[in-house]
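Heads up, the thing below is written out as structure tokens.
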Amino acid sequence: MRQLDKASAFRKPQKRTIIELYPWSIKDSNGDGKGDLRGIIEMLDYYEALGVGWIWLPPTFPSPLKDRGYDVQNYFGVHPDLGTEDDMKELIREAGKRGMRIMLDLVVNHVSDQHPWFQDVLKNPESEFTGCFVIRQPGESISNHISIFGGSAWCELKDGRRYYRTFDNTQVDLNYDDPRVLEMIEKVMRYWFELGIGGFRIDAVHLAGKTVQDCLTDAEPNKEWTGHPKSRFALHHEAMTEFRPGTFKILRRLGEIAGDYDGAVIFEAAPPDPADADGYRRMYDEVDIRYAAPIYFGLLFIDWQAQKVKGILERMLDKVPPGATFLPHLENHDRTRFTSRVGSAQAFVGMALVLGMPGNPLIYYGGEIGMRNARHPRIADDPSQAPGDFVRDRARTPMQWDDSAHAGFTTAVKAWIKVCGDYHLRNVKRQEANPRSMLQFTRALTRFRNSLPELQEGEFEWLESGNADVISFRWRLGDQQVVYALNFTPVKQEAKLPRGLTTILLSSRRPPNSWNGDESVTLRPDEALVLR
Ligand code: NOJ
């Protein structure tokens with residue numbers, strides 16, 4: 001059913017899984033309490049053993065960190081807390097030696113108010129960079145748009161000028177009506193590609209293509225909005241500013257540049273309904289699929305029920321054009337940890353699901369050991385926080401390496417953020433020693449992806465499990481097949497199996513499943529089973 005494109009940039013390296021490493025929270029190499037690039041270099045053998053091929057780093061650029069780096073001050077450098085450009089070069093080199101490519105995070109919708117262009121605008125009402133932003137002169141009309149982080153989208157300067165921001169008031173939106181903006185972004189891409197990175201994750205690009213006129217056009221108020229000024233669901237402006245024709249113009253250009261370097265671009269651009277397959281299809285149709293693809297957000301929001309999950313995935317995979325890649329994920333730095341959402345046992349099922357899908361699945365650091373949301377992280381200045389909202393820092397706590405202080409993340413007395421309380425029990429060291437751990441399970445799943453010919457060269461297809469609580473699919477190459485059977489419930493379930501299977505490759509449960517070669521299997525509670 002689905003033939004993967006062998007020429008695509010997404011197939012090099014052969015290990016196709018992408019891991020998101022939140023650079024502040026992986027490993028602190030210099031004892032300042034913050035994660036850094038040298039810390040990541042130290043842990044590269046671990047990531048090699050995990051079987052991932054791509055490392056996506058959320059923004060690593062100099063930044064005042066009002067939004068943890070998504071407020072870029074200078075795109076041509078490395079944040080001093082994270083290291084130096086030489087460290088980045090070494091990371092690229094060392095990752096390359098292990099068959100992994102580095103993906104940086106490119107913020108295209110806005111810059112920090114500390115960026116030199118905006119600093120010039122602040123100082124000089126006649127600044128030549130005025131046109132690079134959406135700026136209104138004193139007395140000029142504005143619209144009713146509301147920021148995703150709360151409050152009016154228009155911020156007033158001391159002299160009465162106003163500028164447009166979609167996120168924090170220190171994240172100033174760029175205006176792509178001005179050609180200098182895209183030129184600057186192109187330069188940034190070429191700069192890093194020439195240093196050897198393999199690609200970019202593009203931040204919030206669905207909002208980047210708006211025109212000044214779009215920003216100025218009033219939106220219908222959102223009737224569900226509670227009226228709380230910080231409510232993030234007051235997104236009534238987005239219909240006016242997202243997925244404008246400019247978004248696709250930008251994406252096409254970024255894909256072309258990536259193509260010059262045989263690089264890959266994955267982008268954050270969820271449709272209003274994050275599972276809307278047609279919305280993603282439109283994006284695929286607009287970009288060069290050899291180099292660019294949208295990250296799929298449907299699994300982050302769906303009720304964790306077999307039929308619902310299968311339904312959205314089936315619809316989505318039908319829409320992924322031949323030759324394009326698919327980018328499913330369960331968690332990221334903005335959302336709740338998957339284990340906290342579905343529980344430890346179902347976390348295995350989720351991992352088997354995404355790592356069994358076609359394309360380039362993404363995992364979030366710590367997902368491989370089932371890390372949970374922390375209850376009481378030191379809450380950083382997260383501007384997106386609003387009463388009742390999920391505090392994003394809960395899912396950004398230090399990687400849990402062992403059971404020493406700060407889970408082995410830092411030797412500092414105090415880490416920038418508190419470690420999650422369960423680290424004594426849930427850590428890499430412990431899971432290395434336990435053949436039944438989530439870590440060993442994840443490694444086995446990536447090993448299948450990376451080495452079994454069925455998954456490498458074969459075709460993916462859904463199977464009819466005969467049970468609404470079990471998702472089943474297979475990878476087939478000639479008369480060889482690898483079958484995944486996933487029980488989404490905490491009770492036993494019967495499921496049909498295709499003919500011709502002889503071996504159990506992996507189960508999330510012990511002791512071994514008592515399957516005896518029949519064309520059906522009794523799955524234990526929460527069992528994820530892989531057969532060949
Ligand atoms: C999406 C990023 O994932 C999020 O962390 C950030 O706050 C916004 N874009 C704004 O850049």
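Data for the structure
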{"read-out": "For the range 459-531, radius of gyration divided by Kirkwood radius, i.e. Rg to Rh on alpha-carbons", "value": "0.93"}
{"read-out": "Cα gyration tensor, the range 1-137 - rounded (a/c under 1.5), prolate or oblate", "value": "oblate"}
{"read-out": "Heavy atoms of residue 78 accessible to a 1.4 Å probe, total area in Å² rounded to 10", "value": "20"}
{"read-out": "Tail beyond 21 Å, pair distance distribution of the range 22-89 (Cα, percent)", "value": "22"}
{"read-out": "Carbon/sulfur fraction of accessible area - the range 1-97, other protein chains in place, 1.4 Å, %", "value": "47"}
{"read-out": "Estimated vicinal HN-Hα couplings, Hz - the range 449-455 in sequence order (Karplus 6.51, -1.76, 1.60; Gly, Pro = x)", "value": "4, 7, 10, 7, x, 4, 7"}
{"read-out": "Three-way shape call for the range 176-223 based on the alpha-carbon gyration tensor, with the a/c threshold at 1.5", "value": "oblate"}
{"read-out": "Relative frequency of Cα-Cα separations exceeding 21 Å in the range 385-491, percent", "value": "60"}
{"read-out": "Calculated over the chain: convex hull of Cα atoms, volume per residue (Å³)", "value": "140"}
{"read-out": "Portion, in percent, of the accessible area of the range 459-531 that falls on carbon or sulfur, probe 1.4 Å", "value": "46"}
{"read-out": "In Hz, Karplus ³J(HN,Hα) per residue of the range 393-405 (6.51, -1.76, 1.60; θ = phi - 60°; x = Gly, Pro)", "value": "5, 4, 9, 10, 6, x, 4, 9, 7, 7, 9, 7, 3"}
{"read-out": "Å² of accessible area per residue within the range 282-413, as computed with a 1.4 Å probe and no ligands counted", "value": "32"}
{"read-out": "Pair residue 44, residue 84: separation of 7 Å Cα→Cβ label points (nm)", "value": "1.7"}
{"read-out": "Heavy-atom accessible area order for 145, 424, largest first, 1.4 Å probe", "value": "424, 145"}
{"read-out": "Cβ-placed point charges (K, R +1; D, E -1), dipole of the range 258-375 about Cα centre in debye, nearest 20", "value": "600"}
{"read-out": "³J(HN,Hα), Karplus 6.51/-1.76/1.60, whole Hz, each residue of the range 19-30, x for Gly, Pro", "value": "10, 8, 10, 5, x, 6, 10, 8, 7, 9, 8, 10"}
{"read-out": "Accessible-area composition of the range 143-199, carbon plus sulfur, in percent [1.4 Å probe]", "value": "49"}
{"read-out": "The range 121-178: GluC sites (Glu not before Pro) in DSSP loop, at most 10 other beta carbons within 10 Å", "value": "126"}
{"read-out": "Point-charge dipole on Cβ atoms (K/R +1, D/E -1) for the chain, about Cα centre, debye to 20", "value": "1560"}
{"read-out": "Accessible surface, per residue, of the range 459-531 when the full set of protein chains is kept, probe 1.4 Å, Å²", "value": "46"}
{"read-out": "Amide H contacts of residue 363 (H built 1.01 Å from N, under 5 Å, at least 5 apart or other chain)", "value": "18, 19, 20"}
{"read-out": "Rounded accessible area of residue 12 (nearest 10 Å², 1.4 Å probe)", "value": "90"}
{"read-out": "Contact order normalised by residue count of the chain, Cα under 8 Å, 6+ apart, percent", "value": "14"}
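The values are calculated or read from the model by the stated rules, or taken from the named source; none is laboratory data. Treat the numbers as computed from the prediction; the structure is a model and nothing was measured. Neighbour counts are summed over all protein chains in view; Cβ atoms, including those assigned to glycine, are modelled from backbone coordinates with ideal geometry. What goes into the accessible areas is simple: the full protein's heavy atoms, side chains included, and nothing from ligands, DNA or RNA. Shrake-Rupley method; radii C 1.70, N 1.55, O 1.52, S 1.80 Å.
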